[in-house]
Amino acid sequence: MSRASDPLVWDLHARRYGSQEHLERRALAAALRLAAPGRDDSVVDLGTGTGAALRALACSEPRPAVAIGFDRSPGMLARVGPLPAGWSARLGDARDVPLRDGLADLVICSYLLHVLPPPDRAAVLAEARRLLAPGAGARLVVITVWADRRRACGRVLYLGLRTLARARPAAWGALAPLDPTDDLLAAGFLPTGRAVLPRADDQRGIAAARPG
């Protein structure tokens, strides 16, 4: 994995990460609207970090029956906090999750893909597809930092974020912009929905997909 996804880096960031979680709330809310979690769903959250997606799910109505988050950073996991009965946040690699095939109705992957190099993105998405149950109800939702390069301001934003991420990956790697569409298609997913949340400093892209 890249320097930006090194668990030691995120262990160091863990203490202050909570101070910026409010910036993610609108994107998480939009992602859950696309995901439409059901009461009987089993959810797997890859790259759960401090558990922001799990906490958002816990407040949703209906609330899924089971949710399991995985992250490689012990420091981030230590800040997840209490979860509903039967839910858990576990130490684990999103490329190799110790769960059986087809366990999940919904897989969430928020703020992870854009910090990974292409081979690791492919591995994470392959694992997401393995985890999803067969059938039309299975779905994946991802959130990435994104910039619309079709517009002049988007191209400037894209270049600025990419330059920062490459210059100091440990500090700014999580700002690397990524449109995940090509990665999703290459992994055998069919995009089913999209939302983009513009901000002054960046844009959050949310994509929903199902196995093809």
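What follows draws every value from the coordinates through simple rules; no lab data is involved. These figures come from a predicted structure and were not determined experimentally. Virtual Cβ from ideal backbone geometry, glycine too; neighbours counted across all protein chains shown.
Before moving on, here are some points about what is shown:
- A cut-off under 11 angstrom between Cβ atoms defines the neighbours of residue 190, and their net charge, with Lys, Arg +1 and Asp, Glu -1, is +2.
- Distance in nm between pseudo-label sites at residue 85 and residue 190 (7 Å out along the Cβ direction from Cα): 4.0 nm
- Local electrostatic count, residue 93, Cβ distance below 11 Å [Lys/Arg +1, Asp/Glu -1]: -1
- Percent RCO, i.e. relative contact order, over segment 38-78, from Cα pairs under 8 Å lying at least 6 residues apart: 53 percent
- The Cβ shell under 14 Å around residue 36 holds other residues with a net charge of +1, Lys and Arg each +1, Asp and Glu each -1.
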